[in-house]
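First the structure, in the form of structure tokens, and then the observations on it.
The values are calculated or read from the model by the stated rules, or taken from the named source; none is laboratory data. Since we're looking at a predicted model, the values are computed, not measured. Using ideal geometry, Cβ is built from the backbone for each residue, glycine included, and neighbour counts are taken over all protein chains shown. Surface accessibility is based on the protein's heavy atoms, side chains included, excluding ligands, DNA and RNA. Shrake-Rupley method; radii C 1.70, N 1.55, O 1.52, S 1.80 Å.
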Amino acid sequence: MRIALLGGTGDIGQGLALRFARDTDHEILIGSRDPEKARDAVERYEAELEERGADANVKGFVNEMAADRADVVVLSVPPYYAGDTVEAVDDVLDEETILVTPAVGMQGDEDGLHYHPPSAGSVTQLVAQRAPDEVPVVGAFHNLAADALSDLDTELELDTLVVGDDGDAKRTVLNLANEIEGLRALDVGPLANAAEVESVTPLVINIARYNEDLHDVGVQFR
């Protein structure tokens, strides 16, 4: 499959790109609004992967071109850009494209981070509203620490929670996530449950903030 990471030059995009490129045989497309920035990121990712003996299959494009070539499109952008990014590429999305969002709305104050969903109820539901009707939307990878993902020396033992209304699309994302070494994907039901999933993210960040020995906190269910 071809997996496009729109905003793939940022923290979560880098982590997912490196993990997918190392642990799977899928082709990874790095998207950016600036194609030169995407190509620069590809060079960095390839260099790191080659140092570790991985045969990288990573390419860089402007966001629209990456989305047009992909089977799965991951919106690895901040939550306030998610809706606009969808609309920027909606002409190249169709019913054969799975749109994945890991974004979470949060606000911070002196006490920590707090869940701050949009009026749609969650960022995942906002993306579903902004996407073309025929494009299946899946929420995944919300609660993962970007630093842990990007550090390939870190061995993951984490769960990622997956929501979606389209059963086939959700199963595809569950299977893709399970291909990442040390990551277990769990089905949490329809998009209506996305707020509960997203709200875990500020919790784990606050745990890391207040506990010196817990830097890259994630979730694992038993």
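Does Arg2 satisfy the criteria of being open to solvent by 50 Å² or more (accessible area, probe 1.4 Å), at pLDDT 95 or above and closer than 17 Å to Leu152 by Cβ? Full working, then the answer.
On the way: open to solvent by 50 Å² or more (accessible area, probe 1.4 Å): yes; at pLDDT 95 or above: yes; closer than 17 Å to Leu152 by Cβ: no.
Here the answer is no, as Arg2 does not meet what is asked.
Kindly establish whether Ala194 is surrounded by 18 or more Cβ atoms within 10 Å (Cβ to Cβ), in a helix (DSSP H, G or I) and out of contact with any Cys (no Cβ under 6 Å at 6 or more places or on another chain). Let's see the steps before the verdict.
Values: surrounded by 18 or more Cβ atoms within 10 Å (Cβ to Cβ): yes; in a helix (DSSP H, G or I): yes; out of contact with any Cys (no Cβ under 6 Å at 6 or more places or on another chain): yes.
Yes; evaluated as a whole, the condition is true for this residue.
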message: Given the options Tyr81, Tyr115, name the one that is within 14 Å of the chain's Cα centre (by Cα) and surrounded by fewer than 22 Cβ atoms within 10 Å (Cβ to Cβ).
response: Tyr81
query: In this structure, is Thr154 out of contact with any His (no Cβ under 6 Å at 6 or more places or on another chain), more than 27 Å from Asp166 (Cβ to Cβ) and among the hydroxyl-bearing types (Ser, Thr, Tyr)?
result: yes
- prompt: Which one of the conditions (1) in a loop (DSSP other than H, G, I, E, B); (2) within 18 Å of Pro202 (Cα to Cα) does Thr154 fail to meet, given that it meets all the rest?
  reply: (2)
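Do we have Val217 as at pLDDT 95 or above and closer than 28 Å to Ala120 by Cβ here?
Numbers: at pLDDT 95 or above: no; closer than 28 Å to Ala120 by Cβ: yes.
The answer is no for Val217.
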statement: Within region 143-167, restricting to residues that are of a type outside the set (Gly, Ala, Ser), farther than 22 Å from Asp25 by Cα and open to solvent by less than 10 Å² (accessible area, probe 1.4 Å), the one that is farthest from the chain's Cα centre (by Cα) is Val163
query: Hey, does region 90-100 have a residue that's assigned to a helix (DSSP H, G or I), among the aliphatic types (A, V, I, L, M) and modelled with pLDDT of 95 or more?
result: yes
query: For the subset of region 168-182 comprising residues that are touching a residue at least 40 places away in the same chain (Cβ under 8 Å) and open to solvent by less than 20 Å² (accessible area, probe 1.4 Å), which member is farthest from the chain's Cα centre (by Cα)?
result: Ala169
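Just name the residue that is farthest from Asp90 (Cα to Cα) out of those in region 30-70 that are of a type outside the set (Val, Ile, Thr) and part of a strand (DSSP E or B). Write out each step before concluding.
From region 30-70, those of a type outside the set (Val, Ile, Thr) are 31-41, 43-57, 59-61, 63-70; that's our starting set.
From what is left, the residues that are part of a strand (DSSP E or B) are 31-32, 59-61.
On the way: Gly31: 14, Ser32: 15, Lys59: 21, Gly60: 19, Phe61: 16 Å.
Going through the qualifying residues, I end up with Lys59.
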message: So Gln14 ticks every box in (1) open to solvent by 60 Å² or more (accessible area, probe 1.4 Å); (2) in a helix (DSSP H, G or I); (3) out of contact with any strand residue (DSSP E or B) (no Cβ under 7 Å at 6 or more places or on another chain) but one. Which box is left unticked?
response: (1)
Filtered residues of region 151-167 (kept if in contact (Cβ under 8 Å) with a residue 24 or more places away in the chain and either closer than 30 Å to Asp94 by Cα or of a type in the set (Phe, Trp, Tyr) (or both)): Asp159, Thr160, Leu161, Val162, Val163, Gly164, Asp165, Asp166
